[in-house]
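Reviewing the structure listed below.
No lab work stands behind these numbers, since they all come straight from the coordinates. Model, not experiment: these values are computed from the prediction. Note that each Cβ is placed from the backbone with ideal geometry, even for glycine, and that neighbours are counted across all protein chains shown.
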Amino acid sequence: MNFQERLLKVIPGGAHTYSRGFDQYPSNAPQILLRGKGAYVFDADDRKYLDYGMALRAVNIGYAEDEIDNAAIEQIKNGNNLTRPSMIELEAAELLVDLIDSVDMVKFTKNGSTSVSAAVKLARAYTGRELVARCAEHSFFSYDDWFIGSTPVTRGIPLETLDKTKLFHYNDIASLENLIAQHPNQFSCVVLEPAANEIPRDNFLQQVQTLCRKHGIVFILDEMITGFRWHMKGAQHVYGVTPDLCTFGKAMANGFSVSCVAGRREIMELGSIEIDGRERVFLLSTTHGAEMSGLGAFVASMNFMRTHNVVEHLWSYGSKLIAMMERQARAHDIGHSFKVGGASCSPFYLTLDDAGANSLPLRTLFAQEMIRHGVLMPWIALCYRHGPAELETTERAVEQSFAIYRRALDEGVDKFLVGPAIKPVFRKHN
């Protein structure tokens, strides 16, 4: 029995995140990984791959970074999880409040889904309204029903929940204005990422903020991906907006499990207990939410990032990577099909068919050929340990992969695919 069969036998989907599932990778991808170090991962046979997945963007310094790991280990030695709040819990909270300008209070937890759902609950409690407006172009906010019910994967979700979340479009303020007009005084919050495959145009985020203020809607920015990549103060600082609530995770602690919901005191303190006589909001109450090892890693990660100018490195490396991939695409005459762009600190690539639509077979082929040449690139997530040698390795792999990609455009992609094409995560049927 291979590793994939063993995984599927004991874990639904074979992994604890659907984006790690076998259907998200070409058939020559490593079925299981043993360890990581710096910008590299190693499979069960100790084969080495240059990694651009970086633990689903959770690692932005490097795997097994001694300074971060040692800080976590020190907190483990202190007990890791105590009966009352810990010193590192207070230190971490004060650090985040001091760091992010829009934040007065913070509540830590272990994953982004929990944080964003907590923000939605706070918004509903604060406004007394139930509807949620979420950005259609941003692929994931939570595994909870309020979000999943707005995707094709609705099995197991109560029918009354499905109608509570409405979709608007990024960089299309009219779509949000129309949504609010169709459901006046019913939206509790607007939820979106500051940027993803698109960056804001025409002061879009400022317009969202103004619209929320006008209609008494809580403005929530999900900074799981943008936080501590765009800027140490978040993408909200880069784009000049002040959300009512914001959520962070992923790059907070270089792979350790730390996430948070944070924001204005007036809203956050609805989850407090010291105001006598006020009706309570049962916010987050998680045994491991303030686990000391993760918070120690968060504090150490912030210190490391400041000392080593990590954010500046991500922007610099990303701009070189984008330029290289664009140059290679032109050299192989595939620039009309293979596109790379986005913010330099977090680039993306697209594979387009002759009609200009996204092509999963072409994406699978590119990932397949990159793996063949020792590079794991399901998407592009950058870390501090991506340096000149890694850029050279990537260019060699890209050059050889694009040669096959060009042939696939001429002769048909199916001729070159070893196994099935990857599938969308949010699909109605397996």
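For the listed peptides 342-351, 170-179, 52-61, a ranking on the average number of other beta carbons within 10 Å per residue, highest first, reads 52-61, 342-351, 170-179.
Once both labels are positioned 7 Å from their Cα atoms along Cα-to-Cβ, the gap between THR151 and ARG407 label points is 3.6 nm.
Counting other Cβ atoms within 10 Å, which trypsin sites (Lys or Arg not before Pro) in segment 243-330 have at most 14 and lie in a DSSP loop? Answer in residue order: ARG278, ARG280. Basic side chains Lys and Arg get +1 at the Cβ, acidic Asp and Glu get -1 at the Cβ, and with that the dipole of segment 66-307 about its Cα centre reaches some 380 debye. Simple point charges give the picture: +1 on the Cβ of Lys and Arg, -1 on the Cβ of Asp and Glu, and for segment 93-159 a dipole about the Cα centre of about 360 debye. Once divided by 2.2 N^0.38 Å, the Cα radius of gyration of segment 118-244 becomes 1.01. In order along segment 260-271, the phi-based Karplus estimate (6.51 cos²θ - 1.76 cosθ + 1.60, θ = phi - 60°) of 3J(HN,Hα) comes to 7, 10, 8, x, 4, 4, 4, 8, 4, 6, 4, x Hz; Gly and Pro are listed as x.
For the pair segment 54-68 and segment 332-374, the centres of their Cα atoms are 25 angstrom apart. The gain in end-to-end length when the GLU395 to GLU312 segment is fully stretched comes to 27.7 nm, 0.36 nm per residue minus the alpha carbon separation.
Site pair ILE32 and MET87 shows an inter-label distance of 4.0 nm when each label is modelled 7 Å from Cα along Cα→Cβ.
Straight-line cross-link partners of LYS77 among the lysines, defined as a Cα under 27 Å from its Cα and at least 8 positions apart when in the same chain: LYS37, LYS107, LYS110, LYS250.
For segment 61-67, the Karplus equation 6.51 cos²θ - 1.76 cosθ + 1.60, evaluated at θ = phi - 60°, returns couplings of 9, x, 5, 6, 6, 4, 4 Hz by residue, with Gly and Pro reported as x. Dimensions of segment 1-69 along the principal axes, based on C-alpha atoms and rounded to the nearest Å, stand at 37, 23, 21, largest first.
The C-alpha atoms of segment 66-307 occupy a region whose extents along the principal axes are 55, 42, 37 Å, arranged from largest to smallest.
Shown in residue order for segment 356-362 are the 3J(HN,Hα) couplings computed by the Karplus curve 6.51 cos²θ - 1.76 cosθ + 1.60 at θ = phi - 60°: x, 8, 4, 10, 5, x, 5 Hz (x for Gly and Pro). Annotation: the residues PHE187, PHE416, sorted from fewest to most other C-beta atoms within 10 Å of their own C-beta, follow the order PHE416, PHE187. Mind checking which aspartates and glutamates have their Cα closer than 13 Å to the Cα of LYS164? Skip sequence neighbours fewer than 8 apart in that chain. Leaving aside aspartates and glutamates fewer than 8 places away in the same chain, those within reach of LYS164 are GLU130, ASP144, ASP145. Electrostatic tally near TYR126: other residues with Cβ closer than 15 Å to its Cβ, Lys and Arg +1, Asp and Glu -1, net +3. Under Stokes-Einstein, with the Kirkwood radius over Cα pairs standing in for Rh, what whole-number D in µm²/s applies to segment 192-341 at 20 °C and 1.002 mPa s? It diffuses with D of about 118 µm²/s by this estimate. Over all pairs of different C-alpha atoms, segment 262-375 has a mean inverse distance whose reciprocal, the Kirkwood radius, equals 19.0 Å. Remark: segment 93-149 is approximated by an ellipsoid whose semi-axes, taken from the C-alpha gyration tensor as √(5λ), come to 23, 15, 11 Å, largest first.
Let me check I've understood the local charge: for ILE88, count other residues with C-beta under 14 angstrom from its C-beta, Lys and Arg +1, Asp and Glu -1. What total comes out? Charge balance near ILE88 sits at -3.
Our Cα-only numbers for segment 180-281 put the radius of gyration and Dmax at 15.2, 46 Å. Qualifying trypsin sites (Lys or Arg not before Pro) in segment 158-241, where qualification requires a DSSP coil assignment and no more than 15 other C-beta atoms within 10 Å, comprise ARG201.
Placing a label point 7 Å from the Cα of LYS423 along the Cα-to-Cβ direction, the residues of segment 125-143 with a backbone N closer than 20 Å are 139-140, 143. Note on the chain: helix-only mean residue ellipticity at 222 nm, from DSSP H runs of 4+ residues weighted -39500 (n - 2.57) and normalised by residue number, equals -12000 deg cm²/dmol. Under the combined filter of DSSP loop state and at most 13 neighbouring Cβ atoms within 10 Å, segment 258-305 retains these GluC sites (Glu not before Pro): GLU274, GLU279. For THR114, the shell of other residues with beta-carbons less than 13 Å away shows a net charge of +1, using +1 for Lys and Arg and -1 for Asp and Glu.
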